[in-house]
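This report refers to the structure that appears directly beneath it.
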Amino acid sequence: MAKLSDIVAFCDARVDRKNVIDFPGANNGLQFGNSGEVKKIGAAVDASTAVFSEAARRGIDLLLVHHGMFWHAQHPVVGAIYKKFKTLFDADLAVYSAHLPIDKHREIGNNVVLARLLSLEIIDWGLEYEGNLFAAICRGIPRQELAARLKKLFPETFKAIEFGSENPAKIALLCGSGNTGVPALESLGCDTLVCGELREEHFARAQDSGFNLYPCGHYATEKFGICELAREAAEKFSLPWEFIETNCPL
C-alpha cells in the first residue's frame, strides 16, 4: 500500500506537469481524489464511466489516464456526469491525467515509445505548442518497410495514403490527432507522417503535396505513454498495475 499523495508527486515530477502548458481545460494531474491510500494502479487511455467501472471491478485505487475527465466548462452533475462521479465515489477510485505532458516526454512519451517499437531513430523534434516540441522526426527507411512494421504493430487500425517518396529521408511521428502535423510536414522537411487520425480533407492534401500519411488510430497510438507511467509508478511503490483495454477503433 502507498499514499496517494506520494504517487501523485512522483507522477507530477516524472511528466514535468507544471511546466507543460496543455489545451484549455485539460487540468492535468490529480483530477479526482480518494481516501488517500493506493493498493493497485490502473492505466487507460480515456476517462469513461465504463473504464471506471472496470477499474473498480479489478480493485484499482488509482487510475492513470491520457485523456482526462475535464475539457470543457463544468456542467450540472446530473445524468451521465452524475453516474461517472458516483462510480468513482462508490469505488473510492482516484483519477490522474497526463495529456500533453505524456505526448512530449522524451523517455516515456507516446512518440518516443512508438519510435522504439518501430526501430526508428529519432534525430530531431518539431511542431511547437506553447514552447514545447511534440513531433518526433526520425531517420527515414523505405516506405514499404515502414508500412510493414506499422501493419504488424497496428493490425486493426493501420491505413496507408501513399503519394510521397518511396524512400523518405525523414519520417514524422505524431501519435493521436495528426491534424496539426499534415500542414507542418513541409516545414519539418518531411513528406511522411505516422499519426493517429486524420480528416477526410487530408487525402486530397496528400495527393496535391506528395505525402505519405499513415493514420493508425488515435486510441491505438496513445496507449504507450500512460502505460509506461503506470509501470514506473507501480515499480517505484512496489504495487501491481494493469492496463484497461477498451478496443476503441478510432
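The values are calculated or read from the model by the stated rules, or taken from the named source; none is laboratory data. Note that the structure is a prediction, hence the values are computed from the model and not measured. Cβ placement follows ideal geometry from the backbone for every residue including glycine, while neighbour counts extend to all protein chains displayed. Surface areas here come from the heavy atoms of the whole protein model, side chains and all, with no ligands, DNA or RNA. Shrake-Rupley method; radii C 1.70, N 1.55, O 1.52, S 1.80 Å.
General observations
- In region 18-36, the residues that are in contact (Cβ under 8 Å) with a residue 12 or more places away in the chain reach residues that are open to solvent by 90 Å² or more (accessible area, probe 1.4 Å) with C-beta atoms within less than 6 angstrom, at least six apart or across chains, in these pairs: 21/130; 25/72.
- The set of residues from region 98-115 being in contact with a helix residue (DSSP H, G or I) (Cβ under 9 Å, 6 or more places away or on another chain) and not in a loop (DSSP other than H, G, I, E, B) comprises 101, 102, 103, 110, 111, 112, 113, 114.
- Residues located in region 11-27, provided they are at pLDDT 95 or above and open to solvent by less than 50 Å² (accessible area, probe 1.4 Å): 11, 12, 15
- Within region 127-155, tally of residues that are touching a helix residue (DSSP H, G or I) at 6+ places or on another chain (Cβ under 7 Å), at negative phi and assigned to a strand (DSSP E or B): 4
- Breaking point among (1) modelled with pLDDT of 95 or more; (2) assigned to a strand (DSSP E or B); (3) aromatic (Phe, Trp, Tyr), for residue 158: (2)
- Filter result for the condition that a residue is modelled with pLDDT under 95, within 20 Å of residue 116 (Cα to Cα) and small (Gly, Ala, Ser), over 189, 178: 178
- Beta carbons closer than 8 Å, at least 6 apart along the sequence or on distinct chains, pair a first residue in region 52-63 that is closer than 7 Å to residue 40 by Cα with a second that is of a type in the set (S, T, N, Q) and open to solvent by less than 40 Å² (accessible area, probe 1.4 Å) for 61/34; 62/34.
- For region 67-76, the condition of being on the phi < 0 side of the Ramachandran plot and either part of a strand (DSSP E or B) or touching a residue at least 60 places away in the same chain (Cβ under 8 Å) (or both) holds for at least one residue.
- Selection within region 169-181 - under 17 Å from residue 202 (Cβ atoms) and either of a type in the set (Phe, Trp, Tyr) or in contact (Cβ under 8 Å) with a residue 24 or more places away in the chain (or both): 171, 172, 173, 174, 175, 176, 177, 178, 180, 181
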